[in-house]
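Below: one structure, written as structure tokens.
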Amino acid sequence: MKDFAGRIAVVTGGGSGMGRELVRQLAAEGCNVAMCDVSMAPMQETRHLCEQARIPQGTRITAHVADVSEEAQMLRFRDEIAVQQDTDHIHLLFNNAGIGGGGSMIANSRAEWERTFNICWGGVYLGCRTFLPMLQKADAGHIVNTSSINGTWASIGPTIPHTAYAAAKFAVKGFSEALITDLRINAPHIRCSVVMPGHIGTGIVANSRKIQAGTESDDISDVEIAQARARIASTGADVSALSDADIKAKMLERARNFLAQAPMSAAEAAAVILDGVKADRWRILVGADAEEIDRRVRATPERAYDLDFFQDMAAAIGWRLGA
């Protein structure tokens, strides 16, 4: 699929980050896009940005509220696309939506852990299940599943547990690789790529907090502050002198730093992904940090979780925050 003009793409998580940039860049090429997210307001901003950029006349951009971890909502999303895009088929499926949280099986709640896993993994699975019939009706199709470099290396540092997100991203990577053979046998006109970004400048830290808390408010609850205090204490830091206001400030600073200190922007990442799809690459590493982590883990997998491995890798790439 060398040209996206006139095609129909589905993008999950289109209200922010890489999802927003995928929508913008696809629309700029004249691709019709149906996006979903958990609230309408950020998708309206995405659509506004597309219209400001003067996308080709006749390009359709539709926005749909859907939680990718809920099958009934995904089925409704599919049915809305059929009507609003006036189609029985799609050509491109970007299973992009994801959140963080639930890092510890021990310290975090089961609800938080499963919320992260069910969105990051379940959203990919349900996306494929839901839209495969529409892909099969197209003359050509391409599924693009967003894993992470954390689907190769289940760590964001030796003092921070990262089980829910990493487990989900490993699942996405393995599923996508297995799907290549399945499609070749049973639907040879559909291709599949797995995307593994490193540290990309998005609002995932702040957005994940809101989704886990079930709110669109920027206010941080007492429960979230208590959880953050426990997380900081688990690293060995003395939190006894930190007030709740201090903890809240650290949480906000962490979200700002994740965005500001990223070595690659969401727009740059989206361009790499779309170039990879056009080049028919099944494995798309995004960012120099992702490439270096992948190389080091493959070279010495038995050392991948040793403290000196992380220190050497972090020094080599200047990678201070998680993928």
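Any read-out appearing in this document is the output of simple, stated calculations on the displayed coordinates, not a laboratory observation. No experiment lies behind these values; they were computed from the predicted model shown. A quick note on method: Cβ atoms are made from the backbone with ideal geometry, for glycine too, and the neighbour counts reach across all protein chains shown.
For the chain, the longest principal axis of the Cα atoms and the long axis of helix 40-52 meet at an angle of about 60 degrees. For the pair Val223 and Arg129, label points projected 7 Å from Cα toward Cβ lie 2.7 nm apart. Less than 5 angstrom separates the built amide H of Gly6 from those of Cys31, Asn32, all sequence-distant by 5 or more or on a different chain. Taking chymotrypsin sites (Phe, Trp or Tyr not before Pro) across the range 33-142, none is in a DSSP loop with at most 16 further Cβ atoms lying within 10 angstrom of its Cβ.
Put simply, the amide H of Ile61, placed in the peptide plane, has neighbours under 5 Å in Val33, leaving out anything fewer than 5 places away on its chain. Angle of helix 288-299 to the longest C-alpha principal axis of the chain, folded into 0 to 90 degrees and rounded to 10: 70°.
Extension gain for Gln311-Ala53 works out to 88.6 nm (0.36 nm per residue, less the C-alpha to C-alpha distance).
Quick check: convex hull over the Cα atoms of the chain, volume per residue in Å³, rounded to an integer? Write out the running numbers ahead of the final one.
Working: hull volume 41.6 nm³, N = 323.
Measuring per residue, one finds 129 Å³ for the Cα hull of the chain.
Helix 122-136 axis versus longest C-alpha principal axis of the chain: approximately 10°, rounded to the nearest ten.
Note on the chain: Lys pairs 8 or more places apart or on different chains, Cα atoms under 24 Å apart, count 9. Note on the chain: GNM, Cα springs under 10 Å; of Leu285, Leu126, Leu183, the largest mean-square fluctuation is that of Leu183.
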